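See structure below.
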Amino acid sequence: MSTPSNAAVPAPPMPLIDADSIGFWEATREGRIALCRCTDCGTWLGRPLERCSQCAGPTAFADVAGTGTVYSYIVVHSPSVPAFAHLVPYVVALVELAEGPRLPGILLGERGAGVSIGDPVQGELIEVASMEERALAFRRTPS
Amino acid sequence: MRREAVVVGIGRTAFSKASGRTPLAMAAEAARAALDDAGMPATEVDGVIDFHTSDSAAATDVGRAIGAVDLGLAMDVTGGGNVAVTVVGQALAAVQAGACDTVVVFRSLNGRSGNRYGKGDRPAVQMRGDLQFAALHGYVIPSMWIAMFAQRQKHVFGLTDEDFGHIAITTRKHATANPHAMQRTPLDMETYLSSRWINEPFRLYDCCLETDGAVALIVTTRERAGHLRQTPIRVAGFGEAHTNGGSWTAFPDMSQMYSAYAAKRLWNSTDLRPSDIDVACMYDCFTATTMATVGDFGLCPRGETGTFFAEGKATYGGEVVVNPHGGLLSEGYLHGLNHHYEAVLQLRGQAGERQVRGAEHALVTAGAGPSGGALIYEVAP
């Protein structure tokens, strides 16, 4: 996944980046994890929006540490998605970030055993073969 | 006086793994079968409504294919099983509002030989909105999204693998009495537990059967129904919930589903109670969907669905027969419209070997995760 040279691995499904979400993706190019936040009321928005869903105020992307906990997780065994078939079994965690929003990401270095809901994790950005933007992944940290 | 709308006809094609036919051809066959069942000519159809994920035939095309060329309602609802109750509700509303008189409601898809929901390379699914944050982890297919709910259910309620197994086993047992079911081989716990992982905590038998086929219903006025062949069936309760923008990741408590919200609307819309339900056709794309929704709709306490099944309360002689046709898990993944077919059949007393005796009220649910709905059918007095 972090080695962009393997030509035999098909490209992953491409995220359709839009004007609301581009700040998230631009930040990943620069190695930053950033979430959308209302600049008026401070609400963190998991899905980026042009205006805040709570107060309709303007929003901007703010850097976050990328720390959170495992809200839930799955162990992917089916090679259903061609780009990820060579990785199975691998773990996708749904991480609740310290700021509140949840984001999914691969739990690096895990094959299922020993992972628990509530485990603390640290986000990190990994390279994707076919694009300049990076993928948000997570790694378990000692609790 | 307000017009009342009722269901007067049901129809379907053969279910298979490779139909070799277009969704249009199958939709037309199912619509004609439903009209024959009702005893109505196709010339009376002036409304068509369906749902699709860019894998079906358009309402206007199906109308033309059966010779109904002047439609007062032609609606293609974009959505999965979460709108399998919506389309019936909209057909009823259109007839009751006087927008049209007779509506074909259909779902048609080559879910196995064509656009497979279990595959990650479906061209129709674009990684926009929330999905853009899932794409780069391959987190893009339903057996992953619902497995995430299942893991949370296990954590919150302390569920065992066997709890999920009991749902798969009972559902399969029901399918053995249904000649139309795709899978009729009995399933035991050992076979369930030793089946391969799909996406843990889901094994093979936790997942429904991708299927080719079509199902159709006919909705018309109560007045017209009095001159038709079948006992008319009406809707006695209705409630949908589409929460948190339909997000697979933002649902507040993933040990529950949309049903926690839809249940309030459903039970507020009727004097009926969960104990009045004789047949429950629960949308079961995965065992975990049954697990959450049976509890959320109040058929048993939350978190106890596995025990409810294990103790025989979800089958003949128990409290409510859940999915007598075998559900999506064993009859086939007709995206939930087959649940309406079964409910109508049971209330008419036409279900043959699998008839639930004295069935008066049938719950039909649709959807999983953040979005879906439910209705209660009964014989129209």
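Taking 15 Å as the cut-off, the amide N atoms of the stretch B:218-260 that come nearer than this to a point 7 Å along the Cα-to-beta-carbon line of B:Asp271 belong to B:236-237.
Among residues other than B:Ser56 whose Cβ falls under 10 Å from its Cβ, what is the net charge (Lys/Arg +1, Asp/Glu -1)? In short, -3. With Cα atoms as the point set, the stretch B:275-381 shows a radius of gyration and Dmax of 12.6, 36 Å. Placing a label point 7 Å from the Cα of B:Ser113 along the Cα-to-Cβ direction, the residues of the stretch B:197-220 with a backbone N closer than 18 Å are B:209-215.
If contacts are Cα pairs under 8 angstrom and at least 6 residues apart, what is the relative contact order of chain A in percent?
Working: 299 pairs, mean separation 35.2, N = 143.
Once normalised by length, the contact order is 25 percent.
Of the two radii for the stretch B:207-359, the radius of gyration is 0.96 times the Kirkwood radius, both from the alpha carbons; that is the Rg over Rh value.
Note on the stretch B:25-133: Cα Rg divided by 2.2 N^0.38 Å, N the number of residues, gives 1.16. Along its principal axes, the protein assembly as shown has C-alpha extents of 71, 50, 46 angstrom, given from the largest down.
Structural descriptor for chain B: relative contact order 24 percent, calculated from alpha carbon pairs under 8 angstrom and at least 6 residues apart. Here chain B is treated as a sphere whose radius is the Kirkwood value from Cα pairs; by Stokes-Einstein at 37 °C and 0.692 mPa s it diffuses with a coefficient of 161 µm²/s.
How large is the helix-only mean residue ellipticity at 222 nm for the protein assembly as shown, computed as the sum of -39500 (n - 2.57) over DSSP H runs with n ≥ 4, divided by its residue count, in deg cm²/dmol to the nearest 500?
Numbers: 12 runs with 122 residues, N = 524.
Taking each H run of at least 4 residues, the total per residue is -7000 deg cm²/dmol.
Rg and Dmax, both from the Cα atoms of the stretch A:54-142 and both in Å, are 14.5, 45.
With a cut-off of 8 Å between alpha carbons and a minimum separation of six or more residues, what is the relative contact order of the stretch A:16-64 in percent?
On the way: 82 pairs, mean separation 17.6, N = 49.
Over the stretch A:16-64, the number comes to 36 percent.
Each Lys or Arg adds one and each Asp or Glu takes one away; over the other residues whose Cβ falls under 12 Å from the Cβ of B:His166, this sums to -4.
Of the cross-linked pairs B:Lys119/B:Lys154; B:Lys264/B:Lys313; B:Lys17/B:Lys154, those separated by over 27 Å at the C-alpha level are B:Lys17/B:Lys154.
Its Cα gyration tensor gives the stretch A:16-64 an equivalent ellipsoid; the semi-axes, largest first and in whole Å, are 19, 12, 7.
Around B:Gly79, what is the net charge, scoring Lys/Arg as +1 and Asp/Glu as -1 over all other residues with Cβ under 12 Å from its Cβ? Please list the in-between numbers first.
Details: positive: B:Arg107; negative: B:Asp50, B:Asp55, B:Asp76, B:Glu240.
Summing Lys/Arg as +1 and Asp/Glu as -1 gives -3.
Every read-out reported here was derived from the displayed coordinates using simple, explicitly stated rules and does not represent laboratory data. The shown structure was predicted, so the numbers you read here are calculated from the model rather than taken from an experiment. All Cβ positions, even for glycine, are placed from backbone atoms using ideal geometry, and neighbour counts span all protein chains on display.
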